[in-house]
Amino acid sequence: MVAEEENKKALRDVGLIDGGARYRESEGKLKGRLAKERKKKDGSVEEKCTDASQCNESVRRALLEFKYSLQAMYSTGYDALSSWISEEECCLWDGVYCNSFTGYVEMLDFSDQSLVVAGTVSPSLLKLHHLTSLNFSSNDFNGSLIPEFFGSLEKLKLLDLSNANFRGPIPSQLGNLSMLETLSLGGNGRVLNVGKLEWLSHLSRLKEVDLSFTNLSNANDWSQVITHLPLLQKLSLRHCDLPSISSSSLSLANSSTSLTYLDLSDNNLPSSAIYPWLFNVSSNLVSLDLSSNQLKGPIPEAFGNMKAIQELYLSDNLLVLAENQVRGDSGLNEIGKLPDFSVLDLGYNLLNGSISKSFGQLSNLHVLRLAGNSFDGDVISEAHFSNFTNLQVLDLSYTSLTLKFNTGWIPPFQLSQIKLCSCKLGPRFPDWLRTQMDVRPGLEYLDISASGISDSLPYWFRDSLYGLDFINMSFNQISGTFLNKSIPVRYLDLSSNNFSGPLPSFSSLFLESINLSRNKFTGSVSRICNITAELLELLDLSNNLFSGLVPDCFKRLWSLTALNLADNSFTGSLPSSLGFLTPLQMLSLRGNKFSGELPSSIQNCTKLKFLDLSDNELSGEVPMWIGQSLSRLVFLSLQRNQFRGRIPHQLCGLKYLQILDLSVNKISDTIPPCINNFTSMAEKVSLDRRIEHHLSDEGIFVSFIRFRYVDEALFTWKGTKQCYPQLGLLLAIDLSCNKLTGEIPEELNCLQELVALNLSRNFLTGKIPQKIGHLRQLEVLDLSGNKFSGNIPTSLSELTFLSTLDLSYNDLSGKIPTSTQLQSFDPSSFSHNRGLCGSPVSPNCSIVEPPPSKPAVGGEEDSDVVMKWFYTGMGLGFAVGFWGFCSVVFFKRSWRHSYYRYLDNAKDWVYVSFVLLKARSD
């Protein structure tokens, strides 16, 4: 934060703080200059060579060949290697550093975050015979292999290829770099791998090794190699899928006096594999990270023997507190005796019971993280913190602890990060927070969400926001206006409270997330036009009382990935400037009074996964470009609008679609047969369980995800509207309440993963597809209010997951298929189908199926007798029916109608009786 302010001040001084691309370009150059100045202070490297002749033609030509193999630019698109021209002294080129005495090029450094290098690496670097440092970190080499010729740069002391998008096997030729002191290959992902690590043991001068996020699953010798690096001080093997340590490795392990920093996190190593080796090689460890492994049981007392240890990370394991540890007699108590202990991270384990006050002995503690454990009902008082004079980060999130401090308590510490989500702080707003906010630089991160506060926001809080980067007070009952003056924060979450008043103003250039949803904010949102933050990724103003027009000024918010204005009272047409939000993945405008047609500019938002425009007054035809340009859509809802015309066949191109809701519109014509192209509904594929937006950052002491935002789908599920965040578990099509005609296309039967289908209240005709039983995952089926005819397909009885069924108000006939599933539904599911019979509508179908006669004993003769009586009865019935009909027609109209119905039933009876008798006679 301080460095950031210094950079901004420097830019103001030269008049370049006017925002936009010019600002970013200038900021990048300034950071580059500042980086060079810092390196100049080291004394070993100087970027400016006074004797131009030292940069000879051979070196210049080698550098230019290297340039031409790359594409290099600043983040603004400015050519980062524009200074690399043959007429200039090469020691003045960006990224090139020369020795101030000899003029030799000794360092190539492209790690400046504003400089992006992409491409392949030319072997012309071999002509730089005095190169000692090669730093390509945080660039993009397009998944190319690490060049084997790097192993011939024999004077290299530093090789940093971290986060540079390299892949493939790490070349064993790197084992030839006998002078190497720092090797950093981390952050390239699991596509970078290695078999054995034996070549690493040849680099006896190594002091720092970073292979994090590299695939080392086949490197069974990793622990042996480490013990053969006598000068090794820092080792990071985070998330490398390390194999367990063998017993032979344990016997070869020697106690290390040089290793001070060890990171083995995210490797799923069991306690039995790591503890014996660890406690034998760690005599001088200062920092140890074993988080996200499979450590089980009580916390070993041996940690207390690490006299030099200052930082211990054991989060995300299966550690417990033994009974004696809860009393503070062992384990944690041993750690509490270490005077220089500064970081203790035990978050997300299986710790329970009470928190021992022995923690108070850690007077030098800077970071305390106990989040995600089960200290249910335990009370924390000021006695636990009495000696924490150096505490800076406190994380007790998701512990259900009660923090009970006396009124007027003044903590002995000055915190920079407070994380107390789900702790019990209320009902009053904690007044001790004021002491943490009134001091400069003061508090940067505050999370008191879901903490039971039902108080009004105190005045002192609104006056003490300077320096706060992150504020999360969501899921409380805090009331009052938030702030009318500009808010300098980067992340703000006030959702699910009782805040009122106008939309606050926001002034920070670095603002990244605003969530004010589920409050009582009122009035216009014109202030969003004053937001100058080009880094803003999330804007959620949903479920408030905002009204009026939405200003057409989204062009300046081009970094947005999620925009939610749902459930307010906005009117007018949709802003055409929404089309400038090309990174947008989520757009929800549901529950307003927007009118007019969809602006065609929205088709520029090609990354959209979630589009909800339901419950508005939008009109026009469903645009074809939705299926053409928005091909990544997972959720699409145009429900309850005024859309007309047909369903464009282009929608069938949405192969990732999981929920399609076009219900309650005026859409006509037929259902397009190509719906079988909805791949996510037709095939068993890996689906997005939820659409999340992660805004991540690195803390001062620990890394953390600052913000996670989940898109919630509002969908009518089993008759009621429900928020449904678990996309991927619900695959649904709702076309109800339209003017659709024609038959259900047979292609619908291909959507075998479909969970809910609603085609009710249309004008659909024909028969229900015989193969509808192929939709084996179906839980909801509503075909009511149409003109379907014929029998209910027997395959419907095979839908064992079916829990909601409605076939009412159609022209279905025949017997309801027998199955445990279908007979369990209420009769209303089949009502108003005059030809249906059988359970649950009626006990049986005896009306049309008379009891079977006794089997004939006389063979064909008895059968003939039966048939004669049948024909005789049929003739008599015809005569009686005919004259009765003529008489009734003559006298009364209502009787005529009754007889029509009677004759229809009689006709059906005669036909069925004939078929049954004929079948028995055969």
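The values are calculated or read from the model by the stated rules, or taken from the named source; none is laboratory data. This is a predicted model, so every value here is computed, not measured. Counting neighbours? That spans all protein chains shown, and the Cβs are built from the backbone with ideal geometry, glycine included.
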query: Residue check: is SER736 among the polar types (S, T, N, Q), under 36 Å from the mean Cα position of the chain (by Cα), closer than 11 Å to LEU781 by Cα and assigned by TED's automatic domain parsing to the domain that holds ASP806?
result: no
- prompt: Within segment 637-655, is even one residue of a type outside the set (A, V, I, L, M), over 28 Å from ILE744 (Cβ atoms) and part of a loop (DSSP other than H, G, I, E, B)?
  reply: no
- prompt: When segment 476-495 is examined, which residues are found to be buried (at least 19 other Cβ atoms within 10 Å of the Cβ) and of a type outside the set (A, V, I, L, M)?
  reply: ASN476, PHE482, ARG490, TYR491, ASP493, SER495
- line: Within segment 373-405, residues being assigned to a loop (DSSP other than H, G, I, E, B) and touching a strand residue (DSSP E or B) at 6+ places or on another chain (Cβ under 9 Å) number 16
- prompt: Given (1) modelled with pLDDT under 95; (2) touching a Leu at 6+ places or on another chain (Cβ under 7 Å), where does ILE478 come up short, assuming only one miss?
  reply: (1)
query: Could you list, in sequence order, the residues of segment 452-467 that are part of a helix (DSSP H, G or I) and either charged (D, E, K, R) or surrounded by fewer than 19 Cβ atoms within 10 Å (Cβ to Cβ) (or both)?
result: TYR459, TRP460, ARG462
- prompt: Quick one: how many residues across segment 385-403 are under 30 Å from the mean Cα position of the chain (by Cα), crowded, with 19+ Cβ neighbours inside 10 Å and over 18 Å from GLU444 (Cβ atoms)?
  reply: 3
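For segment 367-384, state whether one or more residues are among the hydroxyl-bearing types (Ser, Thr, Tyr), farther than 22 Å from GLU301 by Cβ and surrounded by fewer than 21 Cβ atoms within 10 Å (Cβ to Cβ).
Yes - at least one qualifying residue is present in segment 367-384.
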query: Residues in segment 223-230: is at least one modelled with pLDDT of 90 or more, surrounded by 20 or more Cβ atoms within 10 Å (Cβ to Cβ), among the hydroxyl-bearing types (Ser, Thr, Tyr) and under 40 Å from the mean Cα position of the chain (by Cα)?
result: no
- request: Under 6 Å between Cβ atoms, at least 6 apart or on separate chains: pull out the pairs that start in segment 268-289 with a residue that is over 18 Å from GLN310 (Cα atoms) and in contact (Cβ under 8 Å) with a residue 24 or more places away in the chain and end on any residue that is part of a helix (DSSP H, G or I) and of a type in the set (Ser, Thr, Tyr).
  value: TRP277/SER223
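The rows are residues; the columns are (1) in contact with a Cys (Cβ under 7 Å, 6 or more places away or on another chain); (2) in contact (Cβ under 8 Å) with a residue 40 or more places away in the chain; (3) closer than 28 Å to LEU731 by Cβ.
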| site | (1), (2), (3) |
| --- | --- |
| ASN564 | no, yes, yes |
| SER577 | yes, no, no |
| SER588 | no, yes, yes |
| ASN592 | no, no, yes |
| GLY596 | no, no, no |
| SER601 | no, no, no |
| ASN616 | no, no, yes |
| GLU621 | no, no, yes |
| LEU636 | no, no, yes |
- prompt: Out of curiosity, is VAL525 over 23 Å from GLN414 (Cβ atoms), touching a Leu at 6+ places or on another chain (Cβ under 6 Å) and without any contact (Cβ under 8 Å) to a residue 60 or more places away in the chain?
  reply: yes
- prompt: When both residues are 6+ apart or on different chains and their Cβ atoms are under 8 Å apart, which pairs have a first residue that lies in segment 734-757 and is within 16 Å of PHE801 (Cα to Cα), and a second that is among the small types (Gly, Ala, Ser) and not in a loop (DSSP other than H, G, I, E, B)?
  reply: LEU751/ALA682; GLN752/ALA682; GLU753/SER680; GLU753/ALA682; LEU754/ALA732; VAL755/ALA732; ALA756/ALA732; LEU757/ALA732
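So that you can scan it fast, the table gives a plain yes or no per residue for (1) out of contact with any Pro (no Cβ under 6 Å at 6 or more places or on another chain); (2) closer than 24 Å to TYR491 by Cα; (3) in the same structural domain as GLY347 (by TED's automatic domain parsing):
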residue: LEU370; (1), (2), (3): yes, yes, yes
residue: ASN373; (1), (2), (3): yes, no, yes
residue: ASP378; (1), (2), (3): yes, no, yes
residue: THR389; (1), (2), (3): no, no, yes
residue: ASP395; (1), (2), (3): yes, yes, yes
residue: LYS404; (1), (2), (3): yes, no, yes
residue: ARG434; (1), (2), (3): yes, yes, yes
residue: MET437; (1), (2), (3): yes, yes, yes
message: Looking at the structure I just gave you, is ALA322 within 21 Å of ASN280 (Cα to Cα), in the same structural domain as TYR348 (by TED's automatic domain parsing) and at pLDDT below 90?
response: no
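Which members of segment 87-133 meet the condition of being of a type in the set (Gly, Ala, Ser) and modelled with pLDDT under 75?
SER114, ALA118, GLY119
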task: Please list, ordered by first then second residue, the pairs with beta carbon atoms under 6 Å, 6 or more apart or interchain, first in segment 462-480 and free of Cβ contacts under 8 Å to residues at least 60 places away in the same chain, second part of a helix (DSSP H, G or I).
output: SER464/MET437
task: Take segment 150-185 and flag every residue that is closer than 16 Å to ASN139 by Cβ and in a loop (DSSP other than H, G, I, E, B).
output: LEU161, SER162, ASN163, ALA164, ASN165, LEU185
field: Pairs where the first residue, in segment 391-402, is within 16 Å of VAL367 (Cβ to Cβ) and the second is among the basic types (Lys, Arg), C-beta under 6 Å, 6+ apart
entry: ASP395/ARG369; ASP395/LYS419; SER397/LYS419
message: Looking for something buried (at least 16 other Cβ atoms within 10 Å of the Cβ), over 30 Å from the mean Cα position of the chain (by Cα) and not assigned by TED's automatic domain parsing to the domain that holds CYS421 - is there at least one such residue anywhere in segment 441-451?
response: no
- line: Over segment 591-624, the set of residues charged (D, E, K, R) and over 22 Å from PRO648 (Cα atoms) is LYS593
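Where in segment 507-622 are there strands (runs of 3 or more DSSP E), lying wholly inside it, with at least 2 residues that are closer than 30 Å to ASP669 by Cβ and not assigned by TED's automatic domain parsing to the domain that holds GLN658?
586-588, 593-596, 610-612, 617-621
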